[in-house]
Amino acid sequence: MKKILMIDDNKDLTEILSVYLSSEYEVQAFNDPEKALSYYQADPNYFVIVTDYYMPVLLGDKLIEQIFEINPKQQIIIISSGPLTKELSLVLDQYPALIKYVGKPCDLLEINEMVSSIASSVN
């Protein structure tokens with residue numbers, strides 16, 4: 001079963017998405033980005049990472065930078081309720097083939113379609 005790493009400080013959202021996606025994928029969810037990153041360093045075998053961008057402790061650009069140091073080809077879906085800032089736009093523009101963006105509140109069907117599309121494009 002293909003694996004998804006989910007990172008969001010919103011516990012309700014990680015729970016909803018985990019339940020929704022777990023019928024087709026193995027989902028490992030974290031509400032603390034630093035713990036998630038440590039876990040990912042030990043096991044970077046995820047076909048996609050679904051993450052919030054605006055989180056306490058570790059902002060999305062730094063998290064993504066560290067993820068790409070571990071795996072420069074990692075597929076990422078950013079789900080964020082914050083504004084599409086210049087910094088976030090730069091991150092999206094820098095990695096258009098690897099990073100997708102969804103605003104909150106998010107549509108579960110849209111996220112599922114993104115995840116399915118990425119799953120079908122990776123081995």
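Observations, loosely collected:
- Loop-located chymotrypsin sites (Phe, Trp or Tyr not before Pro) across the range 34-114 with a Cβ neighbour count of 16 or fewer within 10 Å are 54, with loop assigned by DSSP.
- Under the criterion of Cα pairs below 8 Å and six or more residues apart, the relative contact order for the chain equals 23 percent.
- Net dipole in debye of the range 1-76 [+1 Lys, Arg Cβ; -1 Asp, Glu Cβ; about Cα centre; nearest 20]: 240 debye
- Cα centroid of the range 2-35 to Cα centroid of the range 91-123, whole Å: 15 Å
- Cross-link partners of residue 104 among lysines, defined as those whose alpha carbon lies under 19 angstrom from its own and excluding same-chain residues fewer than eight positions apart: 11, 86.
- Loop-located trypsin sites (Lys or Arg not before Pro) in the range 26-98 (DSSP state other than H, G, I, E, B) with a sparse environment of at most 12 neighbouring Cβ atoms within 10 Å: 73.
- The alpha carbons of the range 1-94 occupy a box of 36, 27, 22 Å along the principal axes, longest dimension given first.
- Positive-end residue, the chain charge dipole about Cα centroid, Cβ charges, pick of 67, 102, 84: 67
Any read-out appearing in this document is the output of simple, stated calculations on the displayed coordinates, not a laboratory observation. Since the model is a prediction, treat every value here as computed from it, not as a measurement. Heads up, the Cβs are rebuilt from the backbone with ideal geometry, glycines too, and the neighbour counts pull from every protein chain shown.
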